[in-house]
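A quick write-up on the structure given underneath.
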Amino acid sequence: RDAGITCEENLDCHSRVCVFGVCEESRRESSELCEENEDCIFGACAYSDYSGSSQYVCCPSNSREYIYKSSSANYPKPNSAYFCTGQESGTSCPKNSLCSSGVCVFGKCEAE
């Protein structure tokens with residue numbers, strides 16, 4: 001199917017990219033909304049940040065990490081989930097590896 005036509009899965013589309021039920025011309029860019037890794041140019045789709053209001057986007061860092069709900073206090077989502085790595089200073093974090101600096105102090109990413 002061509003871009004703009006409704007679809008149920010990636011294989012329904014000539015581009016092999018079906019996002020939110022519509023065939024896309026190509027894979028999505030960083031920070032654009034996505035449903036799965038295959039939707040993104042660099043193959044990483046996850047929650048944009050460690051907050052309850054974050055949405056699934058193509059990760060600007062091109063990587064993501066699975067965070068278990070039971071592994072951190074104040075977990076922002078109802079279930080364990082993937083979050084984009086490379087979070088900027090001042091954003092919420094449960095561990096160092098989510099921050100671009102590699103430093104998470106008292107639940108916030110810090111500059112190096």
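So what's Rg/Rh here for the range 49-89, counting alpha carbon atoms and using the Kirkwood radius for Rh? Could you put the intermediate results ahead of the total?
On the way: Rg = 10.0 Å, Rh = 10.7 Å.
Using only Cα positions, Rg/Rh for the range 49-89 is 0.93.
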Full-stretch length increase - V105, A3 - with 0.36 nm per residue and alpha-carbon distance subtracted:
32.2 nm
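Go ahead and run the numbers for FRET between L33 and N62, Cβ-Cβ distance against an R0 of 22 Å, rounding to 0.05.
E(calc), rounded to 0.05, equals 0.85.
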Read phi for every residue in the range 45-54 and hand back ³J(HN,Hα) as whole Hz from Karplus 6.51 cos²θ - 1.76 cosθ + 1.60, θ = phi - 60°, with x for Gly and Pro.
10, 6, 4, 5, 8, 8, 9, x, 8, 5
For T91, T85, T6, give me the order by solvent-accessible area with a 1.4 Å probe, most accessible first, ignoring ligands, DNA and RNA.
T6, T91, T85
Length-normalised contact order for the chain - Cα pairs under 8 Å, 6+ apart - percent
15
Whole-Hz couplings from phi, Karplus 6.51/-1.76/1.60, listed for the range 5-14; x for Gly and Pro:
8, 5, 8, 10, 8, 3, 5, 6, 10, 4
Where does the Debye-calculated log10 I(q)/I(0) of the chain sit at q = 0.11, 0.14, 0.17, 0.19 Å⁻¹, using only Cα point scatterers of equal weight, no solvent?
-0.39, -0.58, -0.76, -0.88
Suppose all protein chains stay in the model; what accessible area per residue would a 1.4 Å probe give for the chain, in Å²?
58
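The values are calculated or read from the model by the stated rules, or taken from the named source; none is laboratory data. Since this is a predicted model, take the numbers as computed values, not measurements. Counting neighbours? That spans all protein chains shown, and the Cβs are built from the backbone with ideal geometry, glycine included. Surface accessibility is based on the protein's heavy atoms, side chains included, excluding ligands, DNA and RNA. Shrake-Rupley method; radii C 1.70, N 1.55, O 1.52, S 1.80 Å.
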